[in-house]
1. Can you compute log10 of I(q)/I(0) for region 132-173 with the Debye formula, treating each Cα as one identical point scatterer, at q = 0.21, 0.31 Å⁻¹?
2. Can you spot the aspartates and glutamates whose alpha carbon is less than 16 Å from Lys64's alpha carbon? Ignore those fewer than 8 places along the same chain.
3. With an 8 Å Cα cut-off and a minimum separation of 6 or more residues, compute the relative contact order for region 169-285 in percent.
4. Taking H placed 1.01 Å from N in the peptide plane, check which residues at least 5 places from Ser216 or on another chain put their amide H under 5 Å from its amide H.
5. Report the full-extension gain for the segment Tyr128 to Glu235: residue separation times 0.36 nm, less the Cα-Cα distance, to one decimal in nm.
6. For the chain, with only Lys/Arg (+1) and Asp/Glu (-1) charged at the beta-carbon, what is the dipole magnitude about the Cα centre, in debye rounded to 20?
7. Using Cα positions and a limit of under 16 Å, work out the aspartates and glutamates in reach of Lys34, with same-chain residues fewer than 8 apart set aside.
8. Sum -39500 (n - 2.57) across every DSSP H segment of at least 4 residues in the chain, then divide by the residue count to get the 222 nm mean residue ellipticity, nearest 500.
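Values in this text are rule-based calculations from the coordinates and carry no lab data. Source: prediction; values computed, not measured. Please note: Cβ atoms are built from the backbone with ideal geometry, for glycine as well, and neighbour counts cover all protein chains shown.
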Amino acid sequence: MRKKRIFFIAVLLTLAVTVWGCVTQSPGEEQQPKLTMHVIDVGQGDSILLQAGGSVVLIDAAEKSKAATITDYLKHLNISVIDLFISTHPHADHIGGAVEVLKNFAVKRIIDSGKSHTSQTYLEYLKYIDDKDIPFEVVDFQQIELSPDVTLRVIGPIKEYSSLNDSSVIANVSFGVQTILLTGDMEHAAEEDLAAVADVSATILKVGHHGSRTSSTADFLALVQPQVALISVGEGNTYGHPTEEALGRLTDLGATIYRTDIHGTIKLTFDGKGYAESTEKGQGK
């Protein structure tokens, strides 16, 4: 009788441990995204947020008039610290809101294209960084571990250009079998140079220069082979972005196209095996 009672208690303890294991290590935990990309709707400009593990990366800060859009979006996500801010190049639609972002968040590190510009916007940005002694470095080829599974690699520009657009900081972010290619406003000259020396293949492409006809050439896209193309662009902009030429080349590849002027803010979540897309205003095409 005593042996039976001991056996019964042992069985109960085993079941309790099993149930506890199910509670503390639910199958859903392994499905949670470990990398999230947000293409924030900032009109005719760029601002992209990456979250990987505990790391927060912000790439560009749009026009000054859109600074509140960016800061509000990050605060809504309970972000108070930006581990890395990348300024791809000093055009106002990429750097205009940077000072306001720097005022609202503790920024640990800045990577800048190093391309000089005489605009008041860019000079104010540099002055604020200097006044606050924020760690600042000019772009160099490097690898940054955002988490044990997510790596950001700076792969361009590979040489100096007279064009601010071609001088954009280029990076890719890899997680499992997925890669994101971030192109700033890179145009055809820099695309050709980069493709000659680097692997530009990517699952997700942040389309260069808001979908201008001088970016996203057929040869470049043939090497990238993106499944998803993300275009940050303002509704009814005077530049005609994105152009029919660029859209046609992306469509010919079979890429799903998302545009902030049509879809609003675009969010992609990655779990290392796949990804899911969601937007404010509907599906891509």
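1. -0.77, -1.03
2. Filter leaves Asp41, Asp46, Asp72, Asp93, Glu100, Glu124.
3. 21
4. The list, which skips near neighbours in sequence, is Gly208.
5. On the way: separation 107, 0.36 × 107 = 38.52 nm, distance 3.12 nm.
Stretched out fully, the Tyr128 to Glu235 stretch lengthens by 35.4 nm.
6. Roughly 1880 debye for the chain.
7. Once the sequence-local aspartates and glutamates are set aside, what remains near Lys34 is Glu145, Asp149, Asp271, Glu277.
8. After summing the helix terms and dividing by residue count, I get -9000 deg cm²/dmol.
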